[in-house]
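The values are calculated or read from the model by the stated rules, or taken from the named source; none is laboratory data. Computed from a prediction, not measured in an experiment: that's the story for all the values here. Note: ideal-geometry Cβ built from the backbone for every residue, glycine included; neighbour counts use all protein chains shown.
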Amino acid sequence: MHLVASLVGGVRGAENGSVSFLLRGTTTVSTYYSDFEATQQFPGASVPLDSNGSLVAYVAALVDVLVYDSLGVLVREFVAGAEDAAIEVISPSFTGVDYTSGATGTQKPTNLEKVLDSWFTSAGAPDFKVLFNGVATSLQLAFSTTFFNVRNYGAVGNGVADDGAAISSAQAAATAAGGGTVFFPPGTYRITTALPLAANVAWLGSGGQSSKLAVDSAVGAGAVTLPGNPAGSMSSISQLWIKAINGANPGTLVTYSAASSGEYHFTDCLLGNDLICNSSLYAGAGGTAALKSVFTRCYLKLTAGLSQLIISDGAARLEVRDCDLINANAVGATMVDCADNGLFEGNRFDWSAAAAGPGIRYIQIAPTAATVAIFGNVFVANFVMACTAIFNTLAAPFRDCVEYGNTFGNMASSAPGCAAYGYTTDGYAALGAAMQYNGHQTRLARTELLPGVVAAAVTVDPKQYGSSTVSRTGGVNLTVNASKGSLGDRWTLHVINTSGGAITVIGGTNIIFDPGVAPLPVNNNGFAEVTLQWLPTAGSVGNWYQIAKAVLS
């Protein structure tokens with residue numbers, strides 16, 4: 001409400017005259033109120049003035065005020081009301097400036113003009129519209145064509161109702177619109193059959209702990225299937241927890257098949273992490289190169305069963321980045337099984353809880369047609385069972401993984417003996433056109449320490465380490481045996497002699513020193529360093545051959 005202050009003190013010449021209130025710029029009569037609370041409303045046409053030419057009047061709009069004398073002659077005309085720049089706004093929603101201190105912040109005075117201009121700056125279009133693809137569009141229309149809330153299609157999200165049909169309807173609407181976001185507000189969305197993830201559709205939750213897609217089925221249907229979407233299409237699931245509910249094991253949560261195609265992204269999601277799922281979290285059969293799945297910043301956890309967390313079959317493409325992969329079982333076998341076309345970067349593999357069962361493998365590969373790349377991952381050792389970080393199941397691994405920058409932590413010190421690398425058969429296949437062996441680069445940064453060696457022979461492990469240091473503290477001759485290597489791998493042997501006398505170092509299993517300096521003589525308190533490389537030999541898989549002159553003292 002706005003007081004017409006000019007009339008309160010009276011208008012000279014308008015004693016006992018009258019006043020009219022017209023809506024600004026029109027001939028339409030406005031109304032006025034005799035009190036600020038607007039309890040007394042009167043028409044604004046020919047309102048009488050008192051003997052002082054005055055009137056107490058409040059208006060709720062911008063009005064033209066026409067003042068007449070007692071004979072009906074117009075004596076004054078002016079505009080009353082308030083414009084947006086003169087209306088003060090103090091709110092926690094808007095930033096203003098304190099009149100006294102000049103401090104800027106919310107709950108400080110600003111004006112309506114600035115508030116409305118803030119909307120225009122944010123939305124990009126006048127009349128409370130937003131720019132949508134460059135076109136001024138109402139919010140209702142903008143959201144209805146891109147944002148499909150499953151609650152608007154009948155989903156309840158209470159963990160009791162079957163929300164599968166409602167979710168399917170929301171996705172169908174997004175597909176009909178050419179693509180869009182299917183939104184899951186906080187809640188538990190129970191489904192009893194697996195839902196396909198359509199092409200060019202994004203499922204968006206409100207955070208993994210808030211929005212849950214919970215499958216309630218023991219028929220092995222799982223929760224999500226990856227259908228045969230067109231090549232080049234992309235679909236995604238973000239900020240959603242995919243799990244089981246009500247005690248029924250649903251089988252594999254995310255399933256693909258030979259018909260699956262297109263690209264699928266899982267970002268900031270939780271998979272499993274419940275007490276029910278005891279099947280794989282992502283698996284299928286007949287994966288082809290037409291399928292690509294990408295997991296980024298996800299948390300994948302199994303707490304029951306012997307299943308792998310992830311199985312990538314055949315030529316299907318798989319990328320796993322910055323994820324936590326955890327098997328909290330008391331037993332285990334393999335955490336991730338990737339045949340070809342795999343990329344694992346910056347992940348944390350944790351199977352430290354396994355307490356019984358067969359020896360466990362964190363990543364199992366069999367790359368026969370394409371390379372598997374494993375970069376910058378962390379492997380947490382198991383101290384009860386023998387474990388291997390990277391295992392190649394090929395009998396003759398002539399095609400191996402590209403691997404570097406991984407951290408194997410305390411695997412070598414675990415009680416049953418955990419290793420960084422493993423093969424069905426050590427060494428490599430015969431040389432030929434198919435030979436494409438890339439080796440294991442993380443081993444170069446790992447040093448094996450064997451202190452206090454008194455025995456006549458010692459076995460070192462260049463398969464796992466780029467250098468081995470043997471501290472000889474007793475005896476004379478020392479035979480050094482070595483594990484097999486990979487074609488082209490280099491390895492450095494250090495021998496420190498504090499036995500009290502001169503010793504000789506002899507190449508044993510898989511080691512060929514330079515005949516000109518074999519055996520290696522090392523003086524008391526002396527040191528020997530030899531650089532060797534794993535190279536092929538006639539009739540066998542190879543040996544560690546000395547490739548640099550030994551440093552002796």
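The number of residues in the range 324-361 being over 16 Å from the mean Cα position of the chain (by Cα) and either modelled with pLDDT of 95 or more or under 24 Å from Ala259 (Cβ atoms) (or both) comes to 7.
Residue count for the range 387-407 satisfying the condition of being among the aliphatic types (A, V, I, L, M) and modelled with pLDDT under 80: 2. Between Ile511, Ile506, the distinction of being within 47 Å of the chain's Cα centre (by Cα) and of a type in the set (Val, Ile, Thr) belongs to Ile511 only.
Quick grid of which residues meet (1) exposed (fewer than 14 other Cβ atoms within 10 Å of the Cβ); (2) in contact (Cβ under 8 Å) with a residue 24 or more places away in the chain; (3) out of contact with any helix residue (DSSP H, G or I) (no Cβ under 7 Å at 6 or more places or on another chain):
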residue: Phe120; (1), (2), (3): yes, no, yes
residue: Ala125; (1), (2), (3): no, no, yes
residue: Phe143; (1), (2), (3): no, no, yes
residue: Gly159; (1), (2), (3): no, yes, yes
residue: Ala166; (1), (2), (3): no, no, no
residue: Arg190; (1), (2), (3): no, yes, yes
residue: Ala199; (1), (2), (3): no, yes, yes
residue: Leu213; (1), (2), (3): no, yes, yes
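Can you say whether Val97 is closer than 30 Å to Gly53 by Cβ and modelled with pLDDT of 90 or more, as far as the supplied structure shows? In short, no. Quick check on my filter: what residues within the range 301-323 are farther than 25 Å from Gly262 by Cα and either within 19 Å of the chain's Cα centre (by Cα) or not small (Gly, Ala, Ser) (or both)? Correct list: Lys301, Leu302, Thr303, Leu306.
Does Val19 count as surrounded by 14 or more Cβ atoms within 10 Å (Cβ to Cβ) and touching a Phe, Trp or Tyr at 6+ places or on another chain (Cβ under 6 Å)? The answer is no for Val19. Against the test of being among the small types (Gly, Ala, Ser) and at pLDDT 95 or above, the options Gly180, Gly228, Gly205 yield a single qualifying residue, Gly205. If only residues of the range 223-272 that are among the hydroxyl-bearing types (Ser, Thr, Tyr) and more than 23 Å from Gly207 (Cα to Cα) are counted, the one that is surrounded by the most Cβ atoms within 10 Å (Cβ to Cβ) is Tyr256. Applying the criterion of being buried (at least 23 other Cβ atoms within 10 Å of the Cβ) and in a strand (DSSP E or B) to the residues of the range 273-296, the residue that is farthest from the chain's Cα centre (by Cα) is Gly284. Counting residues in the range 84-97 that are in the same structural domain as Asp127 (by TED's automatic domain parsing), farther than 24 Å from Phe128 by Cβ and within 51 Å of the chain's Cα centre (by Cα) gives one or more. Does at least one position in the range 48-65 carry a residue that is in contact (Cβ under 8 Å) with a residue 60 or more places away in the chain and surrounded by 15 or more Cβ atoms within 10 Å (Cβ to Cβ)? Looking through the range 48-65, at least one residue is in contact (Cβ under 8 Å) with a residue 60 or more places away in the chain and surrounded by 15 or more Cβ atoms within 10 Å (Cβ to Cβ). Got a sec? Which strands (runs of 3 or more DSSP E) wholly within the range 1-80 have at least 3 residues that are in contact with a Ser or Thr (Cβ under 6 Å, 6 or more places away or on another chain)? Correct list: 18-23, 63-68. Does Ala214 satisfy the condition of being outside any loop (DSSP other than H, G, I, E, B) and under 14 Å from Cys277 (Cβ atoms)? So Ala214 passes the test. Give me the pairs, please: first residue somewhere in the range 485-496 and touching a residue at least 60 places away in the same chain (Cβ under 8 Å), second residue anywhere and buried (at least 21 other Cβ atoms within 10 Å of the Cβ) and not in a loop (DSSP other than H, G, I, E, B), beta-carbon distance under 7 Å, and either six or more positions apart or on two chains. Between residues of the range 485-496 that are touching a residue at least 60 places away in the same chain (Cβ under 8 Å) and residues that are buried (at least 21 other Cβ atoms within 10 Å of the Cβ) and not in a loop (DSSP other than H, G, I, E, B), the close pairs are Ser486/His440; Ser486/Trp534.
Among residues belonging to the range 211-225 that are at pLDDT 95 or above and hydroxyl-bearing (Ser, Thr, Tyr), point out the one that is nearest to the chain's Cα centre (by Cα). So the residue we want is Ser211.
The single condition among (1) within 30 Å of Met411 (Cα to Cα); (2) surrounded by 21 or more Cβ atoms within 10 Å (Cβ to Cβ); (3) in contact (Cβ under 8 Å) with a residue 40 or more places away in the chain that Pro536 does not satisfy is (2). Ala259 meets the stated requirement of being assigned by TED's automatic domain parsing to the domain that holds Leu325, among the small types (Gly, Ala, Ser), under 20 Å from Ser280 (Cβ atoms) and in contact with a Gly (Cβ under 7 Å, 6 or more places away or on another chain).
Counting only strands (runs of 3 or more DSSP E) wholly contained in the range 119-199, the ones carrying 1 or more residues that are more than 28 Å from the chain's Cα centre (by Cα) occupy 129-132, 135-138, 158-162.
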